[in-house]
Amino acid sequence: ICEKLLIWQIKRGHEPAMVRVYERYRNLLLKLACGLVRDTATAEDIVQDAFVSLAESVHRLRLDGSLKGYLIRSVVNRARNLHRANCTRRSSDLDHESLAAPDEVRPDRWVLHHDRLEHLHRALEQLPLEQREVVTLHLRAELTFREIARLQEVSINTVQSRYRYGLDKLRALMNSELEP
């Protein structure tokens, strides 16, 4: 079902349409939120708040873009607000999807897999918020630089610079922790 039909159905109180929207975007939004705040419980709260807000405001909702973009913007704004309020809880808890070992990973390799993920998340936390957002939106939410520029209300060149600087800093952080 296309987004416009889902929005039309949601505005008319069709509950299965809201369930479809939730099922379609929940994992993407959760990965995005986890990349921005790292704590799974906080990320789940952010995603839930985004869907509750959608349900509460659907009758006055006027989308300029896509529903996916609206939900991503909602999650990013909530994560920013938490960051600004310095309320982001710190935890070594990573998102469940990232921690799930691929079927082909043997148990003896799982420890190495988990350590690498933990290392990456620690490095991501050290990036400035703007760079972390761009890297997460591009790699986890699979948004184009143009979509990120619209979302952040900056030029595409700024987004590309933030991405490049973010990746450079991630590489440096990852390499520095690997050296004895």
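Values computed for the structure shown
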read-out: Potential extension, D168-V58 segment - 0.36 nm per residue separation minus Cα distance; value: 35.5 nm
read-out: Sorted peptide list for 29-35, 47-53, criterion being average Cβ within 10 angstrom, highest first; value: 29-35, 47-53
read-out: Paramagnetic reach from N81 (point 7 Å along Cα→Cβ, amide N under 11 Å) across the range 26-46; value: 46
read-out: Inter-site label distance for E15 and E142 at 7 Å from Cα along Cβ, in nm; value: 3.1 nm
read-out: Protection proxy ranking, peptides 132-139, 147-154, average beta carbon neighbours within 10 Å, highest first; value: 132-139, 147-154
read-out: Spin-label model distance (nm) - K4 vs N175, 7 Å beyond Cα toward Cβ; value: 4.9 nm
read-out: Listed residues I7, I46 arranged by accessible area, highest first, probe 1.4 Å; value: I7, I46
read-out: Percent carbon-and-sulfur accessible area, the range 2-77, ignoring ligands, DNA and RNA, probe 1.4 Å; value: 49 percent
read-out: Those lysines that a straight Cα-Cα span of less than 19 Å connects to K11, excepting residues fewer than 8 apart in one chain; value: K68
read-out: Extension reserve of the R73-D49 stretch, reckoned as 0.36 nm per residue once the Cα distance is removed; value: 7.4 nm
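The values are calculated or read from the model by the stated rules, or taken from the named source; none is laboratory data. No experiment lies behind these values; they were computed from the predicted model shown. With ideal geometry, Cβ positions are generated from the backbone for all residues, glycine too; neighbour counts draw on all protein chains shown. We work out accessible area using only protein heavy atoms, side chains counted, and drop any ligands, DNA or RNA first. Shrake-Rupley method; radii C 1.70, N 1.55, O 1.52, S 1.80 Å.
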